[in-house]
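To keep things clear, I will list the structure first and then write my remarks on it.
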Amino acid sequence: MAADFDPYYKWLGISPDERLPTHYRLLGLIAFESDPEVIEAAADRVMSYLQEVSTGAEMARAQKLLGEVSRARLCLLNAGKKAAYDEKLRARLAAIEADKTLRSDAASSGAVSELQGEDSLSPIESDLFDKPPPLKSARKRSDAIAPARVPQERSLEEVEDSNVGSRRVLIVAGCAGILLLLFVIGFLFPRPSNNPVDEEPEVPPKVASREGGTDSFQRNPKETRGAVIPPDPANPSPPSKDAQRTASEEDLEPTASDGETNEPAKTDEADESSEDEADTEPVEEKAPAKQPIGFVELQIAPTDTKTKYRYQKQANHFYSAEGSTSAFYRLEVSAPSGGPLAGLCLEMHAPSHQTATLTNMELKSVNWLGAIDSLGRGGAATVIDANENAGWQLQFNGGEPVWAVFAAKGPFGPNFLIEMKHSSNTQRLPSFRLWGITGSGTLEEMAQAVRDRVRAEKPFVDFVARGLPAGRTGEVGLGSLFLGKEKLAAQLFGGNSNPDGVRFSLEQMTSEEEDDAQRWQFILSGDEQTPVAALTLKENKLSLGWLPAAGELPESASLQNGLLQLHIGKHVRSVPLREVKEQAPLTYNPLKAVKPQIEVPAGVPAADLRLVLQFPEQTFGVNKRVVLSLTGAEKEQEISLRDGTILKLVASFKEPMIILRMKTLLRTGIEDKKGKKRTKDVPLRKAFAEIPELNARTKKGEKIIETIEAAEKYADRSRLKTAEKQEMAQITRRWRALGLPQGDFSKEQMEKLRGVYEAKQEKIKKRSNQLQLLQGWAEQMGDAEAIEFRLYTLVDGVPLDLVRSTGWVDD
């Protein structure tokens with residue numbers, strides 16, 4: 001791009017003489033336009049065009065100009081701000097009219113020479129409040145943004161200015177004739193030169209034209225309405241407008257809140273010097289510095305009046321859409337901090353096997369460059385494709401959120417309306433969040449930034465906690481970390497709490513090698529400070545190992561009773577320095593009492609042991625964790641399991657073994673003879689003995705209900721046919737055999753009686769089904785290794801793992 005590129009002139013058709021432009025001029029409107037729809041439509045057209053031309057090296061200028069247009073739009077669409085702005089504008093108009101009247105009076109009295117020294121407003125500046133010129137652009141667009149200029153009637157003052165101009169033209173013509181006569185005389189009768197060598201004729205200075213060429217004469221006449229005033233020879237460079245600006249004009253100067261630039265007018269001398277420098281040594285404009293990619297949390301309005309959706313904010317900036325069956329999402333989006341955006345990131349999360357289909361995402365005045373999603377199958381690109389109706393079909397797995405990055409062709413404002421369609425009322429986004437992407441970068445760079453941000457939320461996902469090897473020799477790898485822009489910090493717990501009085505400390509070392517590695521050493525305190533172990537981070541991989549001195553110092557083994565804690569930003573991970581012992585899950589059988597055992601490693605301080613039991617949902621029907629303290633007197637604990645079963649357990653510690661006693665019971669609600677409700681706990685094996693009896697009662701209940709339904713047909717009937725009498729006699733015999741109450745019953749009484757027995761039948765079936773399901777589960781379980789556990793002790797208040805089951809899963 002040329003060094004003299006003027007975005008106001010090339011993109012908006014605002015020439016340098018029109019600085020500073022008003023809000024109305026920026027939007028291509030006539031002054032004091034009062035229709036908000038017209039103002040908004042004009043702002044949208046200008047912003048849309050600026051987004052189209054903002055590519056490559058022009059992006060920084062376009063972003064600045066977009067900010068000014070956006071602030072002008074906000075000012076003119078706000079009734080209070082517009083009124084205040086219009087008041088200042090009218091004050092400046094009055095000052096301009098007063099200046100024109102003063103010049104007209106001075107010209108009529110022959111005081112033209114006095115006015116030539118003043119820096120009056122140009123006709124473009126005086127006209128910009130009522131007749132804005134049409135919008136120009138570098139692309140010669142056929143659809144101009146600004147409205148056409150409307151011719152206006154000339155006022156009396158303008159007619160007077162025209163007469164004065166005519167007289168002035170005659171005077172100028174006479175002076176030109178005299179000068180021409182003197183020139184001819186001088187040519188015919190030249191003066192002899194005292195210098196033997198001909199003098200070099202003076203060449204008028206070249207002035208850079210607007211198109212980048214040069215002119216051989218100075219084109220800088222001062223223009224007013226109906227007259228042309230030549231430059232004053234005594235003062236070729238009139239003072240700048242800033243020096244002549246009145247108080248009313250200073251009040252009207254645009255501020256940062258109004259969104260207009262504050263560029264001082266350049267003097268002719270400054271123009272000439274800069275143009276001479278441009279002729280002698282062209283200056284190449286540097287491309288704007290690349291801004292780092294960042295993320296801005298976007299907020300969504302809680303309700304949408306058109307679709308009736310309610311967007312409720314959840315944890316971690318996620319939202320849920322509720323309260324409507326509309327096929328469209330319509331989101332009013334805003335950012336707490338301003339600034340143009342380069343793209344959007346949409347994250348979605350849902351339970352396993354849930355689906356969603358999205359299509360036709362639109363933002364007003366935003367054109368999309370492309371899209372990349374975390375699934376890597378190109379589905380997100382169909383969301384912004386107007387010709388694609390299939391959309392992005394998603395299948396969630398309940399794990400990591402699915403995300404998509406949408407890059408715009410040009411920057412856009414942080415406050416916007418986004419519309420998106422889903423294919424059916426049952427397939428919608430259960431949980432989602434939006435991030436605004438700032439800075440500059442390609443679509444792939446934006447997607448990589450999102451990958452890094454998601455990865456930074458779980459920096460220890462590929463980390464494996466392993467302690468120091470046994471035998472005080474060797475090294476172990478702890479896995480990979482993701483640091484991003486963070487630093488790793490390490491802290492030692494238990495260094496001063498060893499039972500044998502040995503003390504340790506952790507110190508970070510200054511590396512003399514240029515390998516960008518971080519190193520820490522575990523120092524054994526004593527007569528000498530001896531390093532016995534080291535922690536090393538290199539290329540995001542962490543390792544832990546003994547140093548040679550540890551093999552010669554038996555007391556260094558006590559370091560294994562300590563705990564290493566790692567910090568990456570707000571994320572923390574604990575690493576026991578003792579190798580955590582793994583053991584099979586605890587054996588469990590719901591049909592009998594069991595006594596599983598856990599061995600505590602030798603040399604471990606057991607003053608404060610904790611045992612955590614984990615009951616997986618796929619096995620026990622619930623996902624529960626129970627923490628048992630192994631100090632003090634034994635206490636029985638109850639754990640509610642599936643379908644009304646409870647597990648009663650007692651834990652005790654007799655060094656070096658932890659012993660558990662567990663039995664499974666079925667808790668049932670019953671009523672005593674007085675009608676009071678209470679609970680009764682029955683061993684599962686005894687409860688299963690009820691199943692045959694319940695099956696028999698179910699069959700009898702079915703016969704009773706069938707007999708009552710047959711008797712209902714003859715209720716309230718006094719006369720029966722012979723066949724009906726025979727059938728009624730059979731019903732009566734079955735009635736007595738089943739022990740039903742005797743007597744004559746009306747049809748209404750029959751219905752009530754049937755309802756009572758149907759309710760009893762339902763309870764019996766429910767109890768029988770419950771026991772049969774539990775029986776199948778218990779038989780399938782058998783002596784299974786089903787209960788996961790974790791044994792740890794507290795070191796300086798921080799858990800230090802000692803033993804874990806092989807299937808233990810951390811939170």
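The strands (runs of 3 or more DSSP E) found wholly in the range 591-706 and carrying at least 1 residues that are farther than 25 Å from Leu791 by Cβ occupy 645-654, 657-671, 677-683.
Against the numbered list (1) farther than 27 Å from Arg697 by Cα; (2) part of a loop (DSSP other than H, G, I, E, B); (3) not acidic (Asp, Glu), Ala723 comes up short only at (2). Of the residues making up the range 550-567, those that are touching a strand residue (DSSP E or B) at 6+ places or on another chain (Cβ under 6 Å) and either part of a strand (DSSP E or B) or over 19 Å from Gln491 (Cα atoms) (or both) are Ala550, Leu563, Leu564, Gln565, Leu566, His567. As a summary of the residue check, Ser326 satisfies the conditions (1) touching a Lys or Arg at 6+ places or on another chain (Cβ under 8 Å); (2) open to solvent by less than 20 Å² (accessible area, probe 1.4 Å); (3) over 21 Å from Gly441 (Cβ atoms) except for the one numbered (2). All of (1) within 22 Å of Glu332 (Cβ to Cβ); (2) of a type in the set (Val, Ile, Thr); (3) touching a helix residue (DSSP H, G or I) at 6+ places or on another chain (Cβ under 8 Å) hold for Ile372 with one exception: (1). Just one residue in the set Val575, Val627 is surrounded by fewer than 15 Cβ atoms within 10 Å (Cβ to Cβ), within 41 Å of the chain's Cα centre (by Cα) and β-branched (Val, Ile, Thr); that residue is Val627. Of all the residues in the range 739-755, those that are closer than 13 Å to Lys703 by Cα and surrounded by 15 or more Cβ atoms within 10 Å (Cβ to Cβ) number 2. Of the residues Arg90, Arg45, Arg71, only one is surrounded by fewer than 16 Cβ atoms within 10 Å (Cβ to Cβ), at pLDDT below 90 and either more than 36 Å from the chain's Cα centre (by Cα) or under 20 Å from Val366 (Cβ atoms) (or both); which? Answer to the check: Arg90. The set of residues in the range 432-478 that are modelled with pLDDT under 85 and touching a strand residue (DSSP E or B) at 6+ places or on another chain (Cβ under 6 Å) comprises Asp462, Phe463, Val464, Ala465, Arg466, Gly467.
Candidates are the residues of the range 663-681 that are open to solvent by less than 40 Å² (accessible area, probe 1.4 Å) and either modelled with pLDDT under 90 or not hydrophobic (A, V, I, L, M, F, W, C) (or both); the one that is nearest to Asp608 (Cα to Cα) is Thr664. Report, by residue number, each residue of the range 689-724 that is closer than 14 Å to Gln775 by Cβ and either among the basic types (Lys, Arg) or open to solvent by less than 20 Å² (accessible area, probe 1.4 Å) (or both). If the condition is that a residue be closer than 14 Å to Gln775 by Cβ and either among the basic types (Lys, Arg) or open to solvent by less than 20 Å² (accessible area, probe 1.4 Å) (or both), then Ile691, Leu694 are the ones that fit.
Quick grid of which residues meet (1) under 22 Å from Pro292 (Cβ atoms); (2) open to solvent by 40 Å² or more (accessible area, probe 1.4 Å); (3) of a type in the set (Ser, Thr, Tyr); (4) without any contact (Cβ under 8 Å) to a residue 12 or more places away in the chain:
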residue: Val333; (1), (2), (3), (4): no, no, no, no
residue: Ser337; (1), (2), (3), (4): yes, yes, yes, no
residue: Gln354; (1), (2), (3), (4): no, yes, no, no
residue: Arg377; (1), (2), (3), (4): no, yes, no, yes
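Filter the range 287-323 down to the residues that are in a loop (DSSP other than H, G, I, E, B) and under 17 Å from Ala407 (Cα atoms), then identify the one that is least open to solvent (accessible area, probe 1.4 Å). This residue is Leu298. The set of residues in the range 30-74 that are in contact with a Ser or Thr (Cβ under 9 Å, 6 or more places away or on another chain) and over 24 Å from Thr438 (Cα atoms) contains only Ala31. Any chance the range 772-794 includes a residue that's surrounded by 12 or more Cβ atoms within 10 Å (Cβ to Cβ) and over 28 Å from Asn589 (Cβ atoms)? Taking every residue of the range 772-794 in turn, at least one turns out to be surrounded by 12 or more Cβ atoms within 10 Å (Cβ to Cβ) and over 28 Å from Asn589 (Cβ atoms). Residue count for the range 531-548 satisfying the condition of being in contact (Cβ under 8 Å) with a residue 24 or more places away in the chain and over 42 Å from the mean Cα position of the chain (by Cα): 4.
The values are calculated or read from the model by the stated rules, or taken from the named source; none is laboratory data. Computed from a prediction, not measured in an experiment: that's the story for all the values here. Note that each Cβ is placed from the backbone with ideal geometry, even for glycine, and that neighbours are counted across all protein chains shown. Note: accessible area is taken over every heavy atom of the protein model, side chains too, but ligands, DNA and RNA are not part of it. Shrake-Rupley method; radii C 1.70, N 1.55, O 1.52, S 1.80 Å.
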